[in-house]
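Trainee: My structure is below; once you've seen it, I'll send some questions.
Derivation of every value follows stated rules applied to the coordinates shown; laboratory data play no part. Just so you know, these numbers come straight off a predicted model, no measurement behind them. Ideal geometry is used to build each Cβ from the backbone, glycine not excepted, and the neighbour counts take in all protein chains shown.
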């Protein structure tokens with residue numbers, strides 16, 4: 001309620017599949033309170049109260065809710081059911097009820113085109129709320145600042161934990177003062193070497209890299225990920241979203257990766273397309289406070305290694321993960337996020353979601 005007594009629509013709606021999920025929801029609530037973002041909370045089952053889910057989502061979308069968070073365990077179809085009735089971004093938080101929560105994780109993340117669910121780690125209600133804050137922060141400087149402050153609090157906690165741990169170690173050979181201070185590699189040192197980034201698709205008429213500040217940076221971790229990256233940028237093209245795309249590995253060329261991230265500091269969000277142990281997403285999150293969408297690729301183990309290393313991020317650094325080999329959904333998710341403030345993108349997005357869902 002505003003100061004004049006008029007009820008205001010919340011920015012975020014949290015929907016629980018069951019009241020038993022409240023412990024996970026509380027993590028999200030605590031974060032949203034810290035970020036000072038208005039929210040609503042409802043309990044509705046995708047299977048037992050499907051009409052309620054539909055009515056809640058449709059009405060909330062028309063009344064200005066910008067992000068939905070679906071929290072559910074077992075056959076967690078709730079986030080997907082939410083995504084079926086809105087063109088706003090949906091975040092899925094799988095809950096560990098059985099089999100370590102893998103059933104809920106797969107049900108949430110493996111959504112068909114064009115109905116993405118930005119899935120975070122199992123039981124990570126906190127990361128779901130931080131991701132929602134990053135989405136709101138794309139167009140809200142105050143929320144963006146609070147998300148940044150929250151990120152810094154996690155950094156400070158690690159520093160304090162290290163200091164406490166060191167004081168408790170009493171080994172005779174333990175060198176407590178070693179590398180207490182260190183210097184990062186300077187930009188001048190980096191400039192001495194040739195860059196190891198490779199621009200791709202420059203000559204294509206339908207897929208091109210833009211030189212001015214793009215809205216989105218698409219980062220395939222290797223050339224084996226390029227085919228999936230094509231699906232991402234083709235979707236961005238259809239939605240009228242500008243982008244940069246570069247193949248660059250943070251493992252093979254970490255210094256150049258950091259330099260590229262500095263060059264992309266003004267983009268709205270990142271989309272990482274990567275297989276195997278998926279260091280690309282983690283490296284982007286480590287070097288930027290911008291929102292990150294992760295696309296796992298199937299290189300080994302049917303892509304499960306990539307999926308799990310992308311989605312199960314520690315507290316404070318979420319990656320909104322889409323299904324294995326579903327780059328098109330990453331493009332749609334980017335459109336849902338950017339379409340909140342851009343009517344042209346929203347128009348194209350609605351056409352894609354509501355008119356061509358059978359593609």
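Trainee: Considering the chain as a Gaussian network with a 10 Å cut-off on Cα pairs, which listed residue, 321, 119, 167, attains the greatest mean-square fluctuation?
Mentor: 167
Trainee: Could you compute Rg(Cα) / (2.2 N^0.38 Å) for the stretch 187-355, with N its residue count? Display every interim value, and only then the final one.
Mentor: Working: Rg = 15.2 Å, N = 169, 2.2 N^0.38 = 15.5 Å.
In units of the 2.2 N^0.38 Å rule of thumb, it is 0.99.
Trainee: Over the Cα atoms of the stretch 12-137, each weighted equally, I'd like the Debye log10 I(q)/I(0) at q = 0.09, 0.10, 0.14, 0.17 Å⁻¹, rounded to two decimals.
Mentor: For the requested q values the scattering log ratios are -0.19, -0.24, -0.48, -0.74.
Trainee: May I pose another question? Below 8 Å, C-alpha to C-alpha, sequence gap of six or more: please give me the relative contact order for the stretch 187-355 in percent.
Mentor: Working: 320 pairs, mean separation 36.1, N = 169.
Relative contact order of the stretch 187-355: 21 percent.
Trainee: Where does the Debye-calculated log10 I(q)/I(0) of the chain sit at q = 0.12, 0.15 Å⁻¹, using only Cα point scatterers of equal weight, no solvent?
Mentor: For the chain, the Cα-only Debye profile gives -0.87, -1.30.
Trainee: Could you state the number of Å between the C-alpha centres of the stretch 122-159 and the stretch 5-80?
Mentor: A separation of 18 Å, based on Cα centres.
Trainee: Order the peptides 128-134, 27-33 from the highest to the lowest mean number of other Cβ atoms within 10 Å of their residues.
Mentor: Values: 128-134: 29.3, 27-33: 19.3.
The peptides rank, most packed first, as 128-134, 27-33.
Trainee: Taking the chain as a Gaussian network, where each spring joins two C-alpha atoms under 10 Å apart, which residue of 279, 77, 47 fluctuates the most?
Mentor: Ranking 279, 77, 47 by mean-square fluctuation puts 47 first.
Trainee: Sorted by mean Cβ packing within 10 Å, highest first, what order do the peptides 70-76, 333-339, 142-148 take?
Mentor: Numbers: 70-76: 25.4, 333-339: 27.4, 142-148: 17.0.
Packing order, densest peptide first, comes out as 333-339, 70-76, 142-148.
Trainee: Can you show me the helix-derived [θ] at 222 nm for the chain, built from DSSP H runs with n ≥ 4 at -39,500 (n - 2.57) apiece and divided by the number of residues, rounded to the nearest 500.
Mentor: Details: 13 runs with 149 residues, N = 359.
That calculation yields -12500 deg cm²/dmol at 222 nm.
Trainee: Pick out which of 113, 257, 178 has the largest mean-square fluctuation in a Gaussian network model of the chain, springs linking Cα atoms closer than 10 Å.
Mentor: Among 113, 257, 178, the largest GNM mean-square fluctuation belongs to 178.
Trainee: For the stretch 81-114 and the stretch 294-333, what is the separation of their Cα centres, given in Å?
Mentor: Computed from Cα coordinates, the inter-centre distance equals 13 Å.
Trainee: If you take every DSSP beta bridge fully contained in the stretch 187-355, what fraction is antiparallel? Give it as a percent rounded to 5.
Mentor: Working: 2 of 18 bridges.
So the antiparallel bridges amount to about 10 percent of the total.
Trainee: For the chain, give the share of DSSP beta bridges that are antiparallel, in percent and rounded to the nearest 5; count only bridges with both residues there.
Mentor: Working: 3 of 37 bridges.
Taking every DSSP beta bridge with both residues in the chain, the antiparallel ones total about 10 percent.
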